[in-house]
Amino acid sequence: MQEILSKKILGARIKSLRLEKAYAQVDIANLLNLSRSNYSQIELGNQYPSFHTLCALSKHYQKSYEWLLHGEENQTAALLDPVPVAGLLNELETSLKNFSTCLEKLENELQNIKARIALS
């Protein structure tokens, strides 16, 4: 993973998101439970945001940590196609049903063995 280039670049990236959505600093500071002054220091690049702050920003702006920290998406995440998810879920559901059926058969076999042992 790349290193964070600088606090200034990270701050500028966060500021650009805020301006893109036309939010005031005080609005985002309130969202993050920070003072406006503290949030301003992040945007100016004078301090790094905490993990909690990065998490909240990521969720609020619907951006990945990769993008917030480096300005680009993780290449492997970008290559993943969301379309096959439905197929994977169907396969998983089928597998679970088959597994459940196998467990029922095993339970019946165990009951038959216990019955035979009890008769002996």
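The values are calculated or read from the model by the stated rules, or taken from the named source; none is laboratory data. Predicted, not measured: the structure shown is a model, and the values here were computed from it.
Of (1) modelled with pLDDT under 90; (2) at negative phi, residue 71 satisfies all except one. Which? Result: residue 71 passes all but (2).
For residue 26, the conditions (1) among the aliphatic types (A, V, I, L, M); (2) modelled with pLDDT under 90; (3) in a helix (DSSP H, G or I) are fulfilled apart from (2).
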